[in-house]
Amino acid sequence: MNRLVRALVVVPATAVLISAGAAAVTAGAASAATGKPSGAPPAEDGSSVWCVSTSGAKACFAEYGDKVWVKDTKANGASAAATLQDNEPSASWYRECFNTRGAAGGWVMCDFDVPEYQNGYLWAVNNPFVGSQAYTKIYTSGII
């Protein structure tokens, strides 16, 4: 088999395998994103919008639209994050939104797709993975 024929066979096959791998990652139960600058979230009402604060971070979740907001509230050089996760022992899904804009950067928003009709948790975290954190219970409803 000459080089041109091998290249014509191998390159498309590689592209298919790479595409299949990307699809498998996308379809997974976890997702993380750096938030986009945003205005403040809707007012917390405890039934469709929930918020939680800790030293250095505030996070809010609106069940309609599956939107998450996070604000860095402490000028300490660390970012802030909001994490959504189910409250099942298996922890089958979670979403994470990062605010890397600093305390002067205001709110950022991430637009996620989360499983509907599920109990879960919203976490606010300063200095993700090692800093202060707090959580509140949430509910993800279906389309109204």
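Taken together, the values in this text are just the output of simple stated rules run on the coordinates, not laboratory data. These numbers come from a predicted model, not from an experiment. Counting neighbours? That spans all protein chains shown, and the Cβs are built from the backbone with ideal geometry, glycine included.
Working note: Karplus 6.51/-1.76/1.60 with θ = phi - 60° gives the stretch 129-140 the couplings 6, 9, x, 5, 8, 8, 9, 9, 7, 9, 9, 9 Hz, where Gly and Pro are set to x.
A Förster radius of 30 Å, combined with the Cβ-Cβ distance separating residue 76 from residue 111, puts the computed FRET efficiency at roughly 0.65. Quote the relative contact order of the stretch 29-140 in percent (integer), defining contacts as alpha-carbon pairs under 8 Å separated by 6+ residues. Once normalised by length, the contact order is 32 percent.
Projected label points at residue 87 and residue 139, each 7 Å from Cα along the beta carbon direction, are separated by 1.1 nanometres.
Given a Förster distance of 22 Å, report the FRET efficiency between residue 33 and residue 119 from their Cβ-Cβ distance, rounded to the nearest 0.05. Given R0 = 22 Å and the Cβ-Cβ separation, E is 0.45. Neighbour counts of other Cβ atoms within 10 Å put 107, 50 in the fewest-to-most order 107, 50.
With coordinates expressed along the principal axes, the C-alpha atoms belonging to the stretch 29-140 extend over 36, 27, 21 Å, beginning with the largest.
All other residues whose Cβ lies under 10 angstrom from that of residue 82 are scored, Lys and Arg at +1 and Asp and Glu at -1, for a net of +2.
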